[in-house]
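Peer 1: Next up is a structure, given as structure tokens.
The values are calculated or read from the model by the stated rules, or taken from the named source; none is laboratory data. Since we're looking at a predicted model, the values are computed, not measured. Cβ sites come from the backbone with ideal geometry, for glycine too, and all protein chains shown count toward neighbours.
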Amino acid sequence: MDRHALKIPCNAMPFICEADYSVSLGKMMHADRTAPFHVAIYLLRGSMEIIEDGDRYELLPHRLFFLKSGVHHWGEKPFEEGSAWYYAHFYCREPDAGMEELPGNVYYDTKVCLNPQDNEKYIAIPKMTDCERMGQIQKNFEKMIEAHVHGNIPQASVRLWQIFLECAKSAPGDSVQNVYVRKLREYIQAHYAESFETTEVESVCGLSYKYAGTLFKEETGQTIREYQRTLRLRKAKQLLKETDKPITDIAQLIGFSDVFYFSKVFRAEQGCPPSEYRRTYIPGI
């Protein structure tokens, strides 16, 4: 599962607060913000770069992309001039605790649901979907915007739900290898500040540490420890930018007991020490 992927409960409708068409006529990059709403972007032409919680995404034509509410996102690279896109801002509640994911093979099941508990599931939406051969998604986006412009929020919400289903249906299923890697990702993301042992990793995925590391490197291009370091430094940069915490405290918060070693690793990765990074950081527009 992608980091910060949307999970949409099947027993709740989204509420669209804004939906429209936009175009880049000059130098423009994505706003630096933490929005209280989810965002859907369908790129029609051009290109744009968006960074969400440190993960960099490159949007190309006929790509549908979702940003999750409450997660910091921003842009560092101007959009290609003339880029055009549809967008929607919407609210949707999180799935209830213990709610299970709806299996992909029943998205279009014709079974009549008489028991409300049968619908207490959620669908997982990929961060990005290639819609070039899926014209129905663009048509639904256009109809959604049209309905919203005319104040028909229920109809706009129905169109958005149809987009959700098309995206979820088109998402490739996890291979066995991807399942192991996903479990490892989730574990490291939850414990990146800890000095976990190889035996802990083995218990998470049920594989030997060596084999798990091989699968992880094949899938991500990083070793398990390299990925852990990436997450640590990503959090360090966020804390340096957004707080006035002392560098010693930041080092300890992300799992470095030695602030000098932290500074050495940070410099090797970023090209400057933490103190200089904090002084020269300029928020994106």
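Peer 1: What are the residues in region 30-61 that are within 15 Å of GLY82 (Cα to Cα) and in contact with a Leu (Cβ under 8 Å, 6 or more places away or on another chain), if any?
Peer 2: Within region 30-61, the subset within 15 Å of GLY82 (Cα to Cα) is 30, 42-49, 59-61.
Matches in region 30-61: TYR42, LEU43, SER47, MET48, GLU49, LEU59, LEU60, PRO61.
Peer 1: Moving to a separate point now. Quick check on my filter: what residues within region 141-157 are among the hydrophobic types (A, V, I, L, M, F, W, C) and closer than 17 Å to VAL39 by Cβ? Before you say what the answer is, go through the steps one by one.
Peer 2: Step one: of region 141-157, the residues among the hydrophobic types (A, V, I, L, M, F, W, C) are 141, 144-145, 147, 149, 153, 156.
Listed by number, the residues that qualify are PHE141, MET144, ILE145, ALA156.
Peer 1: Please identify the pairs in which a residue from region 215-226 that is surrounded by 15 or more Cβ atoms within 10 Å (Cβ to Cβ) has its Cβ atom under 6 Å from the Cβ atom of a residue that is modelled with pLDDT under 90, counting only partners at least 6 apart or on another chain.
Peer 2: Final answer for the pair search is LEU215/GLN177; LEU215/TYR180; LEU215/VAL181; PHE216/VAL181; PHE216/LEU184; GLU219/VAL181; ILE224/GLY213; ILE224/PHE216.
Peer 1: I want to confirm something. Restricting to region 86-102 and keeping residues that are outside any loop (DSSP other than H, G, I, E, B) and of a type in the set (A, V, I, L, M, F, W, C), which single residue is nearest to ILE145 (Cα to Cα)?
Peer 2: ALA88
Peer 1: Of the residues that make up region 64-76, is at least one over 19 Å from LYS7 (Cβ atoms), modelled with pLDDT of 90 or more and basic (Lys, Arg)?
Peer 2: No, region 64-76 contains no residue that is over 19 Å from LYS7 (Cβ atoms), modelled with pLDDT of 90 or more and basic (Lys, Arg).
Peer 1: Sticking with this one: Please return the ranges of helices (runs of 4 or more DSSP H) entirely within region 130-222 where 2 or more residues are within 22 Å of HIS4 (Cα to Cα) and of a type in the set (A, V, I, L, M).
Peer 2: Numbers: elements: 135-149, 153-170, 176-191, 198-205, 209-220.
Passing ranges, in order: 153-170, 176-191.
A quick yes/no check of all residues on (1) under 23 Å from SER157 (Cβ atoms); (2) in contact with a His (Cβ under 9 Å, 6 or more places away or on another chain):
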| residue | (1), (2) |
| --- | --- |
| ALA5 | yes, no |
| ALA12 | yes, no |
| ALA19 | yes, yes |
| SER22 | yes, no |
| ALA31 | no, yes |
| THR34 | no, yes |
| HIS62 | no, no |
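Peer 1: Determine which member of the set LEU25, LEU6, LEU67, LEU60 is out of contact with any strand residue (DSSP E or B) (no Cβ under 6 Å at 6 or more places or on another chain), within 26 Å of GLN136 (Cβ to Cβ), of a type outside the set (Gly, Ala, Ser) and touching a residue at least 12 places away in the same chain (Cβ under 8 Å).
Peer 2: LEU60
Peer 1: Identify the residue in region 94-127 that is hydrophobic (A, V, I, L, M, F, W, C) and either at pLDDT 90 or above or buried (at least 18 other Cβ atoms within 10 Å of the Cβ) (or both) and, among all such residues, is farthest from CYS17 (Cα to Cα).
Peer 2: Looking at residues that are hydrophobic (A, V, I, L, M, F, W, C) and either at pLDDT 90 or above or buried (at least 18 other Cβ atoms within 10 Å of the Cβ) (or both), I get LEU102.
Peer 1: Limited to region 240-273, what total is found for residues that are within 30 Å of LYS27 (Cβ to Cβ) and in a helix (DSSP H, G or I)?
Peer 2: 5
Peer 1: Here is a list of conditions, (1) surrounded by 16 or more Cβ atoms within 10 Å (Cβ to Cβ); (2) among the hydroxyl-bearing types (Ser, Thr, Tyr); (3) within 18 Å of ASP20 (Cβ to Cβ), and TYR91 meets all of them except one; can you say which number that is?
Peer 2: Of the numbered conditions (1) surrounded by 16 or more Cβ atoms within 10 Å (Cβ to Cβ); (2) among the hydroxyl-bearing types (Ser, Thr, Tyr); (3) within 18 Å of ASP20 (Cβ to Cβ), the odd one out for TYR91 is (1).
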